[in-house]
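What follows is one structure encoded as structure tokens, with my remarks underneath.
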Amino acid sequence: MMYVLRPGTLAILSVLAAATVLIVPTGPASAGNGSTAQLIDKQFEECLIKHFQTRFFNRIDASPDQRQKLSAIIARRCQETRPLRERLAQGCLELNEMLAGEDASEEQLTAKAHEVRDLRNQVMDERLKSMLEARAVLTPGQRKQIAQRVSGLITGDWKHRFAGTP
């Protein structure tokens, strides 16, 4: 099945992906030493999601019904993808250790990199599902507002906020 993405869809996809992209690397410092500690700090993950939702909902002036529906989509996807995101983070750590060492061949490194890429693609497929669900909850005006914001981020038009120019 082929999806046709409308202009506002990319923006929604990007904004919602940002919430979960920040969550993957939120492991404890001890995780980098090869330990089997959980790589995703659930409390920190929840804080990031709450922060993202508050800003996002305020930016689009979401109704209470939209807030409830979007929160449910995000929470469900976060819960469903946590094991996959843990595997992705673990794969990244393993690849990093392989790159730092001298024992791994180029073929082993390439195979591990492809494994990590496949896990990342699985996470992105799940995010796409969520974004398409979220898109159905938003009004055309909200989708346009998000699209303009994301376009500004992509093109660098957001930089004027920090330079003090309007």
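Read the figures in this text as sums done on the coordinates, not as results from a lab. Owing to the predicted nature of the structure, the values given are computational and were not obtained by experimental measurement. Note that we place each Cβ from the backbone using ideal geometry, even for glycine, and neighbour counts take in every protein chain shown.
Dipole of segment 82-124 computed with +1 at Lys/Arg Cβ and -1 at Asp/Glu Cβ about the Cα centre; of Leu95, Val123, Ser105, farthest Cα towards the positive end is Val123.
Working note: Karplus 6.51/-1.76/1.60 with θ = phi - 60° gives segment 83-92 the couplings x, 5, 5, 4, 4, 4, 4, 5, x, 5 Hz, where Gly and Pro are set to x. Stretching Ser63 away from Arg82 to a fully extended chain increases their span by 4.0 nm, per 0.36 nm per residue minus the current alpha-carbon distance.
Under 5 Å between amide hydrogens, built in the peptide plane, is the criterion, and for Ala62 it picks out nothing among residues at least 5 positions away or on other chains.
With the alpha-carbon atoms of segment 52-125 aligned to their principal axes, the span from lowest to highest coordinate is 56, 20, 14 Å, starting with the largest.
In plain terms, the residue of Ser71, Ser105, Ser130 with the fewest other Cβ atoms within 10 Å comes first and the most crowded comes last, giving Ser105, Ser71, Ser130.
Can you work out ³J(HN,Hα) from phi for every residue in segment 104-111, in order, using Karplus 6.51 cos²θ - 1.76 cosθ + 1.60 and θ = phi - 60°, giving whole Hz and x for Gly and Pro? Taking θ as phi minus 60°, the curve returns 7, 7, 4, 5, 5, 5, 5, 4 Hz for segment 104-111.
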